[in-house]
Each structure stands twice: as structure tokens, then as C-alpha cells.
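Structure, as C-alpha cells:
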Amino acid sequence: MEDLNNDFKVKDISLHEWGRKEIELAEVEMPGCMATREKYKEQQPFAGKKISGSLHMTIQTAVLIESLNSLGAEVRWCSCNIYSTQDQAAAAIAKADTGKVFAWKGLTLNEYWWCTLKALTFPDGSGPDSIVDDGGDMTIMLIEGMKWEKKYKEKQELPDPESVTGDDEKALYQFYREVIPQDPERFHRLSKNVKGISEETTTGVHRLYQLSKKKLLPFVAINVNDSVTKSKFDNLYGCRQSVIDGVIRATDVMLAGKKVLVCGYGDVGKGCAQAFKDNHAVVYVAEVDPICALQACMEGFQVKRIETVVQDIDIFITATGNKGIISVAHMEKMKNNAIVGNIGHFDNELDMAGLKAYPGIKRIEIKPQTDRWVFPDGHGIIILADGRLLNLGCSTGHPSFVMSNSFTNQILAQISIHDPNSTYQNG
Ligand SMILES: NC(=O)c1ccc[n+]([C@@H]2O[C@H](COP(=O)([O-])OP(=O)(O)OC[C@H]3O[C@@H](n4cnc5c(N)ncnc54)[C@H](O)[C@@H]3O)[C@@H](O)[C@H]2O)c1
């Protein structure tokens with residue numbers, strides 16, 4: 001049984017007053033969420049429902065949590081990134097007890113998966129009725145967990161962290177090795193009542209499609225990302241503001257006159273490229289899709305392969321949702337103090353593992369989430385947020401107004417999942 005009096009974990013609960021004041025400011029800037037609260041307040045569409053969320057625990061997410069809670073849901077929450085929590089937001093939610101929150105800025109990977117499991121586990125040991133996911137980690141934890149429970153039951157087999165490449169996945173496999181033998185029914189039990197999930201981001205949607213194709217998705221899944229009022233606003237205009245905020249808070253560098261390469265010219269890349277252009281930087285775009293590349297040309301950007309400009313660029317931003325975009329071979333050719341940041345969902349757009357393994361490399365922490373990596377020849381590059389999304393690691397993510405669009409879609413998706421008349425099929 002859980003200790004109900006202490007059923008949350010945040011960095012510092014005394015930050016709650018600051019968090020509450022910022023939440024109150026955000027509510028005024030989030031008219032969609034507040035109107036949805038008002039519209040459905042009599043109906044209470046989530047009465048008796050348990051909702052678990054894995055989505056950056058920011059001030060704006062606090063407004064989402066309190067919207068779900070005000071419409072009847074019992075909510076548990078964690079962050080979907082180790083660096084993205086605003087500790088004052090987490091404290092305000094924990095203090096008001098509008099959700100049980102397990103999140104703080106600067107989680108270890110083991111703590112990350114622990115928080116995800118806590119957010120999935122309700123006090124009686126049951127799981128949620130629905131999930132709000134951002135990037136797919138909470139959903140994957142359940143689906144992979146059930147797979148490994150089955151193997152453990154049949155052959156006592158447990159996952160081998162060395163069989164996977166990414167640090168996050170290795171840590172998840174290690175975590176399964178601890179928790180599956182303790183309770184080999186856990187992930188089946190936590191998944192049992194899940195009616196559906198609503199997915200926030202492009203990368204999470206790609207992961208769901210892969211599961212669906214393999215017939216491994218046992219839940220209804222709603223693609224919130226592809227709502228026009230999400231991806232054409234949050235990904236584009238949200239990143240347009242928060243990419244600059246992240247780079248500036250991390251480095252205070254002058255942008256005018258700098259050469260910037262934006263890798264990926266989808267919704268996020270379009271916002272980033274425009275933002276640097278508006279700051280009078282010289283902007284280049286690397287893109288594999290011919291239509292997007294042509295769009296970049298039509299906007300006046302020079303489309304280049306990274307190899308042809310790597311030595312001249314001052315600031316590199318990856319925004320592809322793909323992996324292996326900037327390799328160590330690229331990094332070692334970069335000019336001294338080139339800034340390298342990723343705004344895509346996962347850190348593997350940059351080869352951070354390769355950089356860490358580079359013979360003789362030295363890491364100098366300038367401040368949390370800003371590091372200078374020095375090569376043996378003495379030249380260095382500045383990596384933002386350890387390769388994780390820089391606008392949430394080095395800054396506070398998108399402003400409230402644009403998140404109101406995204407999160408109104410999330411609330412409506414959740415209402416639709418719980419609508420007794422909806423006829424969605426699993427998977
Ligand atoms: N940090 C944030 O706040 C935030 C917000 C929204 C989305 N995201 C994430 O950002 C990423 C991009 O999202 P999006 O909505 O722009 O996706 P998108 O699919 O619209 O755009 C990605 C673009 O990258 C291009 N691309 C893919 N591989 C490439 C390669 N090897 N070289 C050059 N270009 C390549 C694609 O052709 C595409 O045009 C995703 O991981 C998404 O989850 C982050």
C-alpha cells in the first residue's frame with residue numbers, strides 16, 4: 001500500500017507559492033483550457049476516472065492537470081524529460097493536491113523511470129483509465145513491461161540492457177530487472193483498465209504507428225499532435241519563441257550575424273529557422289524531404305548538407321525527430337565554441353554517446369544544462385541540455401498562450417476517450 005500522506009515527490013515543496021502565482025498568470029493566457037473547464041464543469045466527464053500523465057511538468061502543464069482534475073479526474077503525473085520540470089510548478093500541484101506529482105529538474109535516468117511508474121500506480125495498486133503521453137515513454141513502459149513479464153513467467157528471462165543502444169532504453173531495461181521479479185503481474189495490472197491514450201508529440205505519434213503496424217498497441221490512441229491547432233501552432237510558433245529563449249538563457253550569445261544551421265524543416269524547424277532569421281542571423285537549412293527543402297528555399301534560406309558548412313557554422317539546431325543527425329565526426333570539425341542544441345524529442349539526434357566516448361574528451365560544466373566539451377587539441381563546443389530538448393532543458397518551454405491550444409486538444413481528446421458513446425477501436 002502507498003503512503004497516502006506523502007504520495008508525491010518534488011524537489012522543494014516550499015516553492016509552491018511561487019508556482020501558484022505563475023499558474024494564476026498562466027490561466028489568464030490559457031483561455032482554451034479555462035473555457036473547456038467552464039463548458040464541462042456540470043458534466044464532470046472524468047468523474048471517477050483515473051488519469052496518468054507523462055508530460056513536461058511545467059507551469060502550463062499544471063494548468064492542464066488542474067483542468068483534468070476540475071472535471072473530475074484523479075490525476076497522477078511525471079515529466080517526460082529529465083530536465084524539463086519547473087520545480088515551482090510541481091510544488092504547487094503537490095501542495096494543492098490537485099494531482100499526485102513525481103517530478104523534479106535533473107532526474108537521473110533511474111529516477112525518471114521510477115517517477116513514470118509512480119505516476120502509473122494508483123494507491124490501491126491499480127493503473128489509470130487513460131494516459132496523457134508526450135513522446136510515448138509511459139505507453140511503452142506498459143507495453144514493453146507486459147512483454148517482459150510474459151517472458152519472465154515463461155522462461156525467467158529478463159531484459160538485457162546491453163542489448164539496446166540508447167541510455168534511456170538501457171535504464172528502462174535495468175529498471176525492469178529490478179521491478180519485474182518483485183511483482184511479475186504489475187504491468188499487466190496497470191494496463192488492465194487503460195481505455196486510451198492521447199499523444200502530444202510527433203515522435204510519440206511515430207512510435208505509436210510503429211506499434212500499431214506490428215499489432216502491439218492494445219489501447220485506443222488519439223493523435224493530438226496532428227490537430228491543426230497543435231502542430232501548426234505549438235511546434236511552429238512555440239518553438240519559434242522558445243528556441244531563442246533556450247539558446248540565450250544558456251549562452252547569452254549575440255545572434256545577429258551568426259551563422260545558424262537548422263536541421264529539419266518540418267513544423268519545428270520552420271519555427272526555429274524563422275526565429276534566427278528574425279534575430280538577424282544567417283540561416284542555413286539541412287533537409288531530406290524535397291518539398292520541405294524547397295519551402296526553405298522559397299523562404300530565402302540556403303539549403304545545405306551539414307558536411308559542406310560544418311566548419312563555418314556558429315549555432316547548430318536539430319529539429320528532425322530522427323536520429324544520428326550530428327555525428328562526432330561533425331562535432332570534431334566544428335569551430336571553437338560552436339553551440340550545438342537539439343529541439344527534437346529525443347537526445348539521439350546528436351551522437352552524445354559517441355562524444356562521451358571520444359578519446360581524451362573533457363566536459364566542463366559552465367552551469368547546469370550548459371557544458372563545454374573540449375577536444376584534445378584544445379578546441380571546444382558548447383552542448384545544450386546534454387543533447388535533450390534545449391527549449392525545456394535550458395529554458396521553460398513554450399509560452400502559455402500556445403500551450404493553451406495544445407492542452408485544449410488534450411482535454412478534448414481525453415473527454416472523447418471517456419465518452420461512453422465513442423466507438424474507437426484499440427490499436
Ligand atoms: N521541443 C519542443 O518543444 C517540441 C515541440 C514539438 C515537437 N517537438 C519534436 O520535434 C521533432 C520535430 O517535430 P516536427 O513536428 O517538426 O516534425 P516534422 O515531421 O514536421 O519535421 C521533421 C523534418 O525533419 C526532416 N528530416 C528527417 N530526417 C532528416 C535528416 N536526416 N536530415 C535532415 N532533415 C531530416 C523531415 O524530412 C521533416 O521535414 C520531433 O521529435 C517532435 O516530437 C519538440
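Any read-out appearing in this document is the output of simple, stated calculations on the displayed coordinates, not a laboratory observation. Everything numeric here is computed off the predicted structure, so don't read it as measured data. So basically every Cβ, Gly included, is an ideal-geometry build from the backbone, and we count neighbours across all protein chains shown.
How many angstrom lie between the Cα centre of segment 86-120 and the Cα centre of segment 392-427?
Each part reduced to its Cα centre gives a spacing of 19 Å.
Can you pull out the GluC sites (Glu not before Pro) in segment 99-184 that DSSP calls coil and that have at most 15 other Cβ atoms within 10 Å?
Within segment 99-184, the qualifying GluC sites (Glu not before Pro) (loop, at most 15 other Cβ atoms within 10 Å) are E157.
Calculate for the chain the 222 nm mean residue ellipticity that helices alone would give, adding -39,500 (n - 2.57) per DSSP H run of length 4 or more and normalising by residue count, nearest 500 deg cm²/dmol.
Here the helix-only value at 222 nm equals -13000 deg cm²/dmol.
I'd like the FRET efficiency for Q302 and T108, computed as 1/(1 + (r/R0)^6) with the beta carbon distance as r and R0 of 35 Å, rounded to 0.05.
Result of the calculation: an efficiency of 0.30.
Shape verdict for segment 19-91, please, from the Cα gyration tensor: rounded (a/c under 1.5), prolate (a/b greater than b/c) or oblate.
Oblate.
Just want the answer: with Cβ charges of +1 for Lys and Arg and -1 for Asp and Glu, which residue in L15, V328, Y173 is farthest toward the dipole's positive end in the chain?
Going by the Cα projections, it comes out as V328.
Among rounded, prolate and oblate, which fits segment 70-171 when a ≥ b ≥ c are the square roots of the eigenvalues of its C-alpha gyration tensor, a/c under 1.5 means rounded, and a/b larger than b/c means prolate?
Here segment 70-171 falls in the oblate category.
Quick one: putting +1 on the C-beta of Lys and Arg, -1 on the C-beta of Asp and Glu, what dipole do you get for the chain around its Cα centre, in Debye to the nearest 20?
On the way: 48 positive and 56 negative charges, 101 e Å.
That gives the chain a dipole magnitude of about 480 debye.
Given the chain, what percent of its DSSP beta bridges are antiparallel, to the nearest 5?
20
Build a GNM of the chain with springs between Cα atoms under 10 Å: which of V285, V164, V63 gets the top mean-square fluctuation?
Maximum fluctuation in the GNM of the chain, among the listed residues, is at V164.
Which one of S404, S416, S231 has the biggest mean-square fluctuation once the chain is modelled by GNM with Cα springs under 10 Å?
Between S404, S416, S231, it is S416 that shows the largest mean-square fluctuation.
Taking the Cβ of each residue in W113, W77 as the centre, tally the other Cβ atoms inside 10 Å and list the residues starting with the fewest.
Ranked by crowding around the Cβ, least crowded first: W113, W77.
Looking at the square roots a ≥ b ≥ c of the eigenvalues of the Cα gyration tensor of the chain, which shape do they give, rounded for a/c under 1.5, prolate if a/b is larger than b/c, or oblate?
prolate
With springs connecting C-alpha atoms under 10 Å apart, model the chain as a Gaussian network and identify which of N81, N69, N342 has the largest mean-square fluctuation.
Looking only at N81, N69, N342, the biggest GNM fluctuation is shown by N69.
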